[in-house]
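The values are calculated or read from the model by the stated rules, or taken from the named source; none is laboratory data. Quantities reported herein were computed from a predicted structural model and do not represent experimental measurements. Here Cβ is always computed from backbone atoms with ideal geometry, including for glycine, and neighbour counts include all displayed protein chains. Remember, those area values only see protein heavy atoms, side chains included, never the ligands or the DNA or RNA. Shrake-Rupley method; radii C 1.70, N 1.55, O 1.52, S 1.80 Å.
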Amino acid sequence: AHTRLNCGSTAAPSSAACLLREGHSLGGVRSHYIEIERASNQYAGRIVAGLDVNSAEFAASFPDFIPVDPETCLTQPLSDRAYQAKKNQVDKEVMEVLNELFGREYLRRFPAMHRFLRIGLASHLIHLDTIEELLPERCALRNTALFTNPAVQELRKYVKIAFPWDNHYKYYADASGLPPHVLIMAEFKKQGKKIDALVPKIEEMLESHQMTGTVSVSQIRRIVESSPTIRNMSTVLAEVSARLQDQQRFSNAAAADEDNSMGRVGDQFDMFDHPDGHRRHFPPGYTLQNCKL
């Protein structure tokens with residue numbers, strides 16, 4: 001760890017931060033006048049944790065319990081009030097688990113430890129798969145509440161990390177211990193993400209306004225679907241069509257009634273051949289007179 005901290009990169013932390021992290025003395029003068037370098041100490045902690053100092057991913061946030069889904073917040077962003085309500089609920093669940101693990105009375109006496117234990121629990125859960133692979137099957141640590149308590153496992157779904165170019169990065173505290181070259185690489189990564197998101201929009205615009213200036217099929221469909229005039233015409237045509245269908249049904253019904261009535265009247269008369277060459281209806285029992293005019 002000492003070698004990686006001092007020789008892993010040309011952009012190493014300051015010598016004071018390295019000596020303090022390694023537990024070495026700074027000497028009489030330096031021990032008296034040099035305070036703990038907080039930013040460089042955090043930078044040293046990131047290097048010792050194994051993060052790649054020559055990568056933009058070095059700017060990863062610490063693991064924490066975040067009550068939002070990164071994919072969902074892209075399409076359905078939460079208001080500040082809704083997010084705070086969910087965060088309060090998750091914080092309450094995390095605190096209940098910490099009380100079970102370390103004791104409620106003990107944590108009440110040392111409130112400054114709460115944040116440290118919370119991040120430690122999140123770090124354990126986010127690396128749980130790797131830990132279970134490396135631990136021996138009969139390791140006594142597997143019998144502790146960190147592995148056996150269902151409430152601890154239930155919190156795993158909230159544990160997330162974020163990078164500066166992620167949309168849910170705003171839910172985390174600003175990362176500390178980042179050297180300038182990592183901030184520059186992270187900014188390049190963020191701009192690259194924005195450019196990648198613009199490509200589909202540009203393609204859609206080119207598709208809707210083809211290069212020749214003519215209107216494409218997709219744009220015609222969009223105009224027709226969104227035009228209030230077209231929608232009104234569609235409504236009127238639907239009403240006219242319904243009325244025509246009703247009139248057709250009424251006409252068919254009237255014709256059927258007329259046929260039925262004619263059939264009933266025809267049953268009351270007999271058919272005879274009239275001298276004029278046509279068949280005529282006559283009442284039953286009527287004798288056709290053969291008169292010459």
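Within region 39-139, list the trypsin sites (Lys or Arg not before Pro) lying in a DSSP loop whose Cβ has at most 12 other Cβ atoms in a 10 Å radius.
On the way: sites: R46, R81, K86, K87, K92, R104, R108, R109, R115, R118, R138; in loops: R138.
In loop regions of region 39-139 (DSSP not H, G, I, E or B), the sparsely surrounded trypsin sites (Lys or Arg not before Pro) are R138.
Taking region 67-168, which GluC sites (Glu not before Pro) meet the DSSP loop condition and have no more than 13 other C-beta atoms within 10 Å? Write out the running numbers ahead of the final one.
Working: sites: E71, E93, E96, E100, E105, E132, E133, E137, E154; in loops: E71, E137.
For GluC sites (Glu not before Pro) across region 67-168 that sit outside H, G, I, E and B with at most 13 neighbouring Cβ atoms in 10 Å, the list reads E71, E137.
Which residues' amide hydrogens lie under 5 Å from the amide hydrogen of K160, considering only partners 5 or more residues apart or on another chain, with H built in the peptide plane?
Correct list: D64, I66.
Among residues other than A59 whose Cβ falls under 13 Å from its Cβ, what is the net charge (Lys/Arg +1, Asp/Glu -1)? Before the final figure, lay out the partial values.
Working: positive: R46, K189, K190; negative: D52, E57, D166, D174, E187.
Charge balance near A59 sits at -2.
Just the number please: accessible area per residue for region 97-207, 1.4 Å probe, all protein chains included, in Å². Intermediate results must be reported in sequence, preceding the final value.
Details: 7520 Å² over 111 residues.
It amounts to 68 Å² per residue over region 97-207.
Could you estimate the translational diffusion coefficient of region 78-190 from the Stokes-Einstein equation, with Rh from the Kirkwood formula over C-alpha pairs, at 37 °C and 0.692 mPa s, in whole µm²/s?
Values: Rh = 16.6 Å.
D, rounded to a whole number, is 198 µm²/s.
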